[in-house]
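First the structure, in the form of structure tokens, and then the observations on it.
The values are calculated or read from the model by the stated rules, or taken from the named source; none is laboratory data. Please read all numbers here as calculations on a predicted model, not as lab measurements. Note: ideal-geometry Cβ built from the backbone for every residue, glycine included; neighbour counts use all protein chains shown. Please note that ligands, DNA and RNA were not included when accessible areas were found on the heavy atoms of the full protein model with its side chains. Shrake-Rupley method; radii C 1.70, N 1.55, O 1.52, S 1.80 Å.
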Amino acid sequence: MPTDPDAVPHEKPRPDEDRSNPSRRQFLRSAALFTGTALALGGGLELLTRRPGAVSSEEAPELARPARPLGPYDTSEPVTPYAQATTYNNFYELGVSKDDPARNASALRVRPWTVEIDGEVQKPVTVDIDQLQSWFPLEDRIYRMRCVEGWSMVMPWLGFPLAALLRRVQPTGEARFVKFTAVNDPQDLPGQQEAILDWPYVEGLRLDEAMHPLTFMAMGLDGKVLLPQSGAPLRLAVPWKYGFKSIKSIVRITLTASQPETTWSRAAPDEYGFYANVNPAVPHPRWSQATERRIGELRRRDTLPFNGYAEQVAGLYRGMDLRRFY
Ligand code: MTE
């Protein structure tokens, strides 16, 4: 547990909350994207793996992005400025303050990197991240992201649907859930040198949630290869759930028959559930979820059910009691 002298004894960890909230302070403490740009990315990878020395936002290599009309899953809302999206982060492996992940970015070694896909699949595989990326054409997705702390952003991701990857490994008839495991490198990652959470960070989805076309594996942001602070080289983006579900820096994806335990629900089971769907009508045990502040704006705005994606995803939860904070 963090050793903040003001910390309330037995206070449980929580993903986040606005820095203005004192209880928060108490506790805490391409890729050949699209086509044939491997050469350009090669330069980028060098930047991202160089150590020591931080990788600044300006250094992230540009990715080739064809101009395109908005797709069916995109929001047309203004995108959060890149400089803000890459300096105001939650990534506890790199520290607990919002500016720690950018400052400590160079501690995350993003190459070499492999992703293991195992469990209830017919074709388990351990794949190098660059090979994994070459399996799928990268797509743009402009998604809202809503943190349970009450702030939100609009993120222009580059990546591929998780469903494409899952289809490739062929889930068995027993598969019901997908468990994601993040990087574990206590020697290098400053946050993992402290018992802030049980490391590594793990998250999970039901298989039908994981197969939903909105569920996205991001490798880039705003036309650039993901920076470490954004969850390089591979992160999840599940836009209708609170941000803590969108696990960063994934090294393992395991299909399971039973519901996996997740980092936050293990740390504070009375505060964080498995589903964590954005629901303005149901407060978190300690904070209202009715409104949010879009980063870069002053006024709060109303939070929408399922973060505005109800039309696409509400059907996944038919028959469930959405008045509970899952
Ligand atoms: N993934 C890992 N591995 N470690 C983390 O601490 N924080 C989560 C999520 N993914 C976290 C993580 C939380 S609480 C949020 S709100 C989002 O990442 C923040 O994503 P962003 O920094 O890109 O906005």
The stretch 24-317 - percent of accessible surface contributed by carbon and sulfur, probe 1.4 Å: 52 percent
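Taking the Cβ-Cβ separation of residue 314 and residue 188 as r and a Förster radius of 45 Å, what is the calculated FRET efficiency to the nearest 0.05?
On the way: r = 42 Å, r/R0 = 0.92.
The computed FRET efficiency comes out at 0.60.
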Distance between the stretch 244-258 and the stretch 300-326 - C-alpha centres, whole angstrom: 22 Å
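So what is Rg over Rh here for the stretch 24-317, counting just Cα atoms and using Kirkwood for Rh?
Numbers: Rg = 17.9 Å, Rh = 19.2 Å.
Using only Cα positions, Rg/Rh for the stretch 24-317 is 0.93.
Taking the Cβ-Cβ separation of residue 323 and residue 136 as r and a Förster radius of 22 Å, what is the calculated FRET efficiency to the nearest 0.05? Each step should come with its number before you reach the end.
Details: r = 38 Å, r/R0 = 1.73.
That gives a FRET efficiency of 0.05.
Give the peptides 135-141, 199-205, 122-128, 305-311 in descending order of average Cβ contacts within 10 Å, highest first.
On the way: 135-141: 16.6, 199-205: 22.7, 122-128: 12.9, 305-311: 18.1.
Ranked by mean Cβ neighbours within 10 Å, highest first: 199-205, 305-311, 135-141, 122-128.
With r as the distance between the Cβ atoms of residue 207 and residue 288 and R0 = 35 Å, compute the FRET efficiency 1/(1 + (r/R0)^6) and round to 0.05.
Working: r = 32 Å, r/R0 = 0.91.
Efficiency at R0 = 35 Å is approximately 0.65.
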Distance between modelled label sites at residue 300 and residue 261, nm, 7 Å Cα→Cβ extension: 3.4 nm
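Please go through the residue pairs 224/248; 179/248; 98/179 and name each one whose alpha carbons sit more than 23 Å apart in this structure.
Values: 224/248 16 Å; 179/248 13 Å; 98/179 26 Å.
Flagged as over cut-off: 98/179.
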Rounded to whole Hz, the Karplus (6.51, -1.76, 1.60) HN-Hα couplings of the stretch 299-315, x for glycine and proline: 7, 7, 10, 5, 8, 9, x, 6, 6, x, 10, 4, 4, 7, 10, 4, x
Placed amide H near residue 251: partners under 5 Å, 5+ positions off or other chain: 181, 182, 183
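Give, as a single signed number, the net charge of other residues whose beta carbon lies under 10 Å from the beta carbon of residue 191, with Lys and Arg counted +1 and Asp and Glu -1.
Working: positive: none; negative: 93, 100, 194.
Charge balance near residue 191 sits at -3.
Where Lys and Arg each count +1 and Asp and Glu each count -1, what net charge lies around residue 302 among other residues with Cβ under 14 Å from its Cβ?
Its environment carries a net charge of +4.
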